[in-house]
Amino acid sequence: MNRHILFSFRRCPYAMRARLAISYTSELTGQTLELREVVLKNKPQAMIDVSAKATVPVLVLNDGQVIDESLDIMLWALHQSAQHTWLKNVDEQLALINQCDNEFKPWLDKYKYADRHPSHSQAYYCEQAVVFLAQLEQRLAANDNLFEETPCLADAAIFPFVRQFAHVDKAWFEQAPYPYLQKWLAVWIDSPLFKGIMNKYVPWEPNQAAVLFPETI
């Protein structure tokens, strides 16, 4: 079978959210694809050849089409099934995701790698990043997830970056005044969906046997 191929890296939040959508949709459709785990310091030429940006995730469809933006991969995955419920109020969801990617993520990077950005202290970068987290806290005070009681695209797209933020200083995050966000994060981390996308894989090499993803549906 000529399968779709996903170049991924286990710890990359962009790749995580792509895998979350693909795995979620696979539960509805029963379809799998081939996963190729990438070592970022030694990116496979096969990935570079199909995507000039040469960063994960990259999805190569079995008709040769290439999708190399994580959000586009999520939307592609969701459009494989009419049974999903993740795209309600999609324009509002996309606006929040855009804010995450373009406002929160740059501050998150500076917070995580403050030693590379000596213009300000790590505490300063944290203060800038939590402006977005405070917005999420307000939303989660009203619902278990960002737009309603059940998860949606925005939850899966934003969760990996909140997780990354929380891991920079777990002690600080656990005592921060965001109880609803902390609960939401914990539920996602403990979910079968997230655990199922975080299996460890050996780095892909040409001619090796295909690794199917997700492993179980």
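The values are calculated or read from the model by the stated rules, or taken from the named source; none is laboratory data. The structure displayed is predicted, hence computed values, not measured ones. In this analysis, Cβ positions are derived from the backbone assuming ideal geometry, glycine residues included, and neighbour counts consider all displayed protein chains.
Tabulated data
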quantity: Number of the exception - Val38 against (1) in contact with a Phe, Trp or Tyr (Cβ under 7 Å, 6 or more places away or on another chain); (2) over 30 Å from Lys112 (Cα atoms); calculated: (2)
quantity: Enumeration of residues in segment 194-217 that are part of a loop (DSSP other than H, G, I, E, B) and of a type in the set (D, E, K, R); calculated: Lys200, Glu205, Glu215
quantity: Boolean, Pro214 is within 28 Å of Asn143 (Cβ to Cβ), modelled with pLDDT of 95 or more and not aromatic (Phe, Trp, Tyr); calculated: yes
quantity: Those residues of segment 1-26 which are closer than 10 Å to Met74 by Cα and β-branched (Val, Ile, Thr), in sequence order; calculated: Ile22, Thr25
quantity: Selected residue (only one of Gln80, Gln31, Gln45 is out of contact with any strand residue (DSSP E or B) (no Cβ under 9 Å at 6 or more places or on another chain) and either over 24 Å from Leu193 (Cα atoms) or buried (at least 20 other Cβ atoms within 10 Å of the Cβ) (or both)); calculated: Gln45
quantity: Test result for Ile197, among the β-branched types (Val, Ile, Thr) and free of Cβ contacts under 8 Å to residues at least 40 places away in the same chain; calculated: no
quantity: Segment 149-164, subset surrounded by 14 or more Cβ atoms within 10 Å (Cβ to Cβ) and without any contact (Cβ under 8 Å) to a residue 60 or more places away in the chain, residue farthest from Cys126 (Cα to Cα); calculated: Asp155
quantity: Subset tally (residues that are surrounded by 20 or more Cβ atoms within 10 Å (Cβ to Cβ) and farther than 15 Å from Asp155 by Cβ) for segment 10-24; calculated: 3
quantity: Helices (runs of 4 or more DSSP H) enclosed by segment 32-103 - at least 3 residues per element that are on the phi < 0 side of the Ramachandran plot and assigned by TED's automatic domain parsing to the domain that holds Ala129; calculated: 90-99
quantity: Which numbered condition Asn102 fails, given (1) more than 15 Å from Ala21 (Cα to Cα); (2) modelled with pLDDT of 95 or more; (3) surrounded by 13 or more Cβ atoms within 10 Å (Cβ to Cβ); calculated: (3)
quantity: Residue within segment 2-14 that is part of a strand (DSSP E or B) and either over 16 Å from the mean Cα position of the chain (by Cα) or β-branched (Val, Ile, Thr) (or both) present; calculated: yes
quantity: Selection count where residues are closer than 17 Å to Pro179 by Cβ and of a type in the set (Ser, Thr, Tyr), scope segment 119-166; calculated: 0
quantity: Positions within segment 39-67 being out of contact with any Pro (no Cβ under 6 Å at 6 or more places or on another chain) and within 14 Å of Phe9 (Cα to Cα), in sequence order; calculated: Leu40, Lys41, Asn42, Lys43, Pro44, Met47, Ala54, Thr55, Val56, Pro57, Val58, Leu59
quantity: Extreme residue, farthest from Glu137 (Cα to Cα), among residues of segment 175-193 that are assigned to a helix (DSSP H, G or I) and touching a Leu at 6+ places or on another chain (Cβ under 7 Å); calculated: Leu193
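Conditions (1) buried (at least 16 other Cβ atoms within 10 Å of the Cβ); (2) outside the structural domain of Pro44 (by TED's automatic domain parsing), marked per residue:
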| site | (1), (2) |
| --- | --- |
| Ala171 | no, yes |
| Ala176 | yes, yes |
| Pro179 | no, yes |
| Leu185 | yes, yes |
| Pro203 | no, no |
| Ala209 | no, no |
